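Peer 1: Pasting a structure here, questions to come.
What follows draws every value from the coordinates through simple rules; no lab data is involved. Predicted model only: the values in this text are computed from it and were never measured. No Cβ is skipped: glycine too gets one built from the backbone with ideal geometry, and neighbour counts run over all protein chains shown.
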Amino acid sequence: MNDLAERVARFNSSLEDVCAAAGRSRNELTLIAVTKFHPAEIIRELCALGITDFGESRHQEAQEKAFALQDLSLNWHFVGQLQRNKAKQVSAYADVIHSVDRETLAAALAETDHCVECFVQINLTDNPARGGVSLAGTERLVEYISALPMLRLRGVMAVADPAHDPRLSFEKLRKASERVRSLSPNATAISAGMSHDFREAILEGATHLRIGSAITGNRPYSG
Ligand SMILES: *Cc1c(COP(=O)(O)O)cnc(C)c1O
């Protein structure tokens, strides 16, 4: 086995362990390999190892990879901050957008000719520069999105607050998810958990894991 195959095997086995400990079924979870800053070739290798869902956070890079890998049948997840003027272009190749955090972005995404699947990203930190709507503003944004026929809300997404135990962040997210579900009953998904905190996310009900370095190894450059 090469290094990549070994990391995938190791990750899959710890994922099984965490699921067993949490009393969750592996089948409830979608594993998204976040491949930002890595070349398209690593995605081809990961696809051969059985991974079908990929996450990217920068539009131009994501667009190039999706174009270069059109021969593979992959699901593309856009997980980065998104500018309104790029919304249409991103929705052309991304199957799911995890970072809808304001009405103007939702409105821009809704101006397409096809249904766009999305998550509302919630900011669980005190830093407004991080992506995400505030917890207090979440329900209003969900109501706005629910009124847009072209958007299909899948659920909520967040990155844990690095200043605290990630379990606390994911508990807040789970409670937010319950409130969102009461407004939008089909929005049941929870996109949470990265390489260092996927255990805590699974314990709090995550359905979509966004795993980068634990699978890909260190990112080659991060400019
Ligand atoms: C990079 C990134 C990830 C993956 O992070 P790792 O710590 O490498 O697992 C997950 N979610 C988002 C939004 C990211 O930008």
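Peer 1: For segment 196-223, what are the residues that are in contact with a Gly (Cβ under 6 Å, 6 or more places away or on another chain) and near the ligand (Cβ under 10 Å from one of its atoms)?
Peer 2: Residues satisfying the conditions are Leu209, Arg210.
Peer 1: In this structure, is Phe54 outside any helix (DSSP H, G or I), touching a Pro at 6+ places or on another chain (Cβ under 7 Å) and not β-branched (Val, Ile, Thr)?
Peer 2: It is false that Phe54 is outside any helix (DSSP H, G or I), touching a Pro at 6+ places or on another chain (Cβ under 7 Å) and not β-branched (Val, Ile, Thr).
Peer 1: Here is a further query. Out of all the residues in segment 124-142, is one or more out of contact with any Phe, Trp or Tyr (no Cβ under 7 Å at 6 or more places or on another chain), within 23 Å of Gln83 (Cβ to Cβ) and part of a strand (DSSP E or B)?
Peer 2: yes
Peer 1: Ok, one more. Among the residues of segment 162-198, what is the count of those that are buried (at least 17 other Cβ atoms within 10 Å of the Cβ) and within 16 Å of the chain's Cα centre (by Cα)?
Peer 2: So the count comes out to 14.
Peer 1: Right, next: Name the residue that is surrounded by the most Cβ atoms within 10 Å (Cβ to Cβ), counting only residues in segment 34-50 that are part of a loop (DSSP other than H, G, I, E, B) and under 15 Å from the mean Cα position of the chain (by Cα).
Peer 2: It comes out as Thr35.
Peer 1: Among the candidates Leu109, Leu69, Leu31, which residue alone is away from the ligand (no atom under 16 Å from the Cβ), within 19 Å of the chain's Cα centre (by Cα) and crowded, with 17+ Cβ neighbours inside 10 Å?
Peer 2: Result of the check over Leu109, Leu69, Leu31: Leu109.
Peer 1: Here are the criteria: (1) touching a helix residue (DSSP H, G or I) at 6+ places or on another chain (Cβ under 6 Å); (2) over 30 Å from Tyr144 (Cα atoms); (3) of a type in the set (D, E, K, R). Tell me which single one Glu103 does not satisfy.
Peer 2: (2)
Peer 1: Of (1) small (Gly, Ala, Ser); (2) within 16 Å of the ligand (Cβ to nearest atom); (3) part of a helix (DSSP H, G or I), Ser182 satisfies all except one. Which?
Peer 2: (2)
Peer 1: Next up: What number goes with the only condition from (1) in a helix (DSSP H, G or I); (2) surrounded by 22 or more Cβ atoms within 10 Å (Cβ to Cβ) that Leu153 does not pass?
Peer 2: Here Leu153 meets the rest and fails (1).
Peer 1: Run Arg167 past the list (1) touching a helix residue (DSSP H, G or I) at 6+ places or on another chain (Cβ under 7 Å); (2) under 20 Å from Ala110 (Cα atoms); (3) of a type outside the set (Asp, Glu) and report the number of the one that doesn't hold.
Peer 2: So Arg167 meets the others, but not (2).
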